[in-house]
Each structure stands twice: as structure tokens, then as C-alpha cells.
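Remarks on the structure that follows.
Throughout, read-outs are computed from the coordinates displayed, never taken from laboratory work. Values in this document were obtained by computation on a predicted structure and should not be read as measured data. FYI the Cβ positions are ideal-geometry reconstructions off the backbone, even for glycines, and counts take in every protein chain you see.
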Amino acid sequence: MLELRNISYAAEGETGVKEILKDISLTIDQRFVAITGPNGGGKSTLAKIIAGIYTPTAGQIILDGEDITDLSITERAKKGISFAFQQPVRFKGITVKDLITLAAGRPINISEACAYLSEVGLCARDYINREINASLSGGEVKRIEIATVLARGTQISVFDEPEAGIDLWSFSNLIQVFEKMHEKINGSIIIISHQERILNIADQIVVIADGKVRTSGSKDSILPELLQKSEPCKVLTDKL
């Protein structure tokens, strides 16, 4: 279980210090949690604080009863937290098998690596020896990144807007991958997203606007209100 206790975060901006997150308290204990809200509301910042990329200005982060607030991203990774960026990093000279092996943290054979690729809907023989470079599409890189998360088998898997920069066909495939993860994962998936199809498979939806948690609850209690109007961001800022 992940607990955020009175988390605040401020950063230096062009006009001085800007408060981005304001006293956020949140408990994440569901298998699939979607965090949504208007642009600039603080969603991605919160995801990076969970992963350890940013350190909160105030508050505590508790993982299974342990205070991990001051741990680095590497230390948190060892504790069982994974983070997937909006734009996955490409590694010239590193093959897909190399990357999955690094993620697993142990030697794995080709059969195991291929199994992870199959989980994300990729034909293993077409990808296992390819480099993570510009020859791969955005959707392919996103699915390979998810395969590395599966190989790690972490307790908390954080995805920052996984739909960013990919086409509709690739997005449809990503939804199928997340649906499978939802069924099989032994832990929690946290996804930052505006997409209704992602919100629709969540167990818990958290709405963040203006650096604060506006509402949090089950999909059935939160999603209908978000979909009442055709302008989702207006709903999130005005309605909530």
C-alpha cells in the first residue's frame, strides 16, 4: 500500500517560486488507479514524486509502512517502484533482449524475454534482437517499455500519460495490454491519463486540479460526472 501524507511541492519559475502540489493526502491500495485532471494541475509532478524523480517540499511518502520520502529513484526502484515516462528513452546499441534482461535484474534466456514481449502483443522474433532506436515507432517503444515493467515485477508501476505521441491503432493495443496487466499484476498500476478508455478500466480514479485532490473514488462514482460535459477539462475545473 502506498500512502501520500500532506504532500506539497514548489519549484522555481520565471516569476518566482510556484506551488505545484498543495497538501495532497492519498492512499493507493487498488490494483489499477487512474489519476486525471486538467493540464497543469500537477498530475505528472505527483507521478515523479512517487517515483523519486522529484523530492516533495513537505509531507511523507509511505510504502507498506516504511517512510521512503528521502529515498532516491534508484533506492525506490529497489523497493519495488517502476516509472514509465511519457516519451520512453531510446538506447542506441542496446537490444530489446538486453533491456528486458536489465529490467529483470537477473540473467534470463531468450524464451523468457520473448514471453514478456508476447504479453504486450509483439511478435518476439521480430523484436528480440532489434536495437531500441529510431527505427521503432512510438507505440512499439511504449509496449517494449511495458514489457520491461512486467519483467521487473514491481509492486508499484507508474505510467505518465502512456497514450502520448502514439497513433490510435497503437493506443488500442496499449489498452489491451493494460487490461491484461490489470488481471495479472500483483501490486498497483498508477496511470496518469485523460483518456476515457483508460479511466474506464480503473478501480480507482483520482482527480487532481490546481495542485489539489478534488475527488477520489471508484470508477462508478467518479467517471459519470467527468463525462457529463463534452469539455473534460472544464468539467474537472468547474464541476469539481
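For a footprinting-style exposure proxy, rank 203, 220 by other Cβ within 10 Å, fewest first.
220, 203
Does the stretch 38-84 classify as rounded, prolate or oblate by the C-alpha gyration tensor (a ≥ b ≥ c root eigenvalues; a/c under 1.5 gives rounded; else a/b over b/c gives prolate, otherwise oblate)?
Since a/c reaches 1.5 and a/b is larger than b/c, the shape of the stretch 38-84 is classed as prolate.
So, with +1 on the Cβ of K and R and -1 on the Cβ of D and E, and no other charges, what is the size of the charge dipole of the chain about its Cα centre, to the nearest 20 debye?
In total the dipole reaches around 340 debye.
Taking square-rooted eigenvalues a ≥ b ≥ c of the alpha carbon gyration tensor, is the stretch 24-64 rounded, prolate or oblate, where a/c under 1.5 means rounded and, failing that, a/b exceeding b/c means prolate?
Taking the square roots of the gyration eigenvalues as a ≥ b ≥ c, the stretch 24-64 is oblate.
Looking at 99, 73, 47, which one has the Cα that reaches farthest to the positive end of the dipole of the stretch 36-104 (charges on Cβ: Lys, Arg +1; Asp, Glu -1)?
Checked the options; the winner is 99.
So what is the 222 nm mean residue ellipticity for the chain from helices alone, if each DSSP H run of at least 4 adds -39500 (n - 2.57) and you divide by all residues, rounding to the nearest 500 deg cm²/dmol?
Mean residue ellipticity, 222 nm, calculated: -10000 deg cm²/dmol.
Take the alpha carbon atoms of the stretch 5-128, find their radius of gyration, then divide it by 2.2 N^0.38 Å using N residues; give the quotient.
So the stretch 5-128 has a normalised radius of gyration of 1.31.
Of 62, 35, 144, which has the largest mean-square fluctuation in a 10 Å C-alpha GNM of the chain?
Of 62, 35, 144, the Gaussian network model singles out 62 as fluctuating most.
With a/c under 1.5 counting as rounded, go ahead and sort the chain into rounded, prolate or oblate using the C-alpha gyration tensor (a ≥ b ≥ c being the square roots of the eigenvalues; past the cut-off, prolate if a/b is larger than b/c, else oblate).
Prolate.
Arranged from highest to lowest average of other beta-carbon atoms within 10 Å per residue, in what order do the peptides 68-75, 5-12 appear?
5-12, 68-75
Need the C-alpha centroid separation for the stretch 1-40 versus the stretch 109-147, integer Å.
32 Å
Suppose R0 equals 45 Å; then what is the FRET efficiency for residue 200 and residue 23 from their Cβ-Cβ distance, rounded to the nearest 0.05?
The value I calculate is 0.95.
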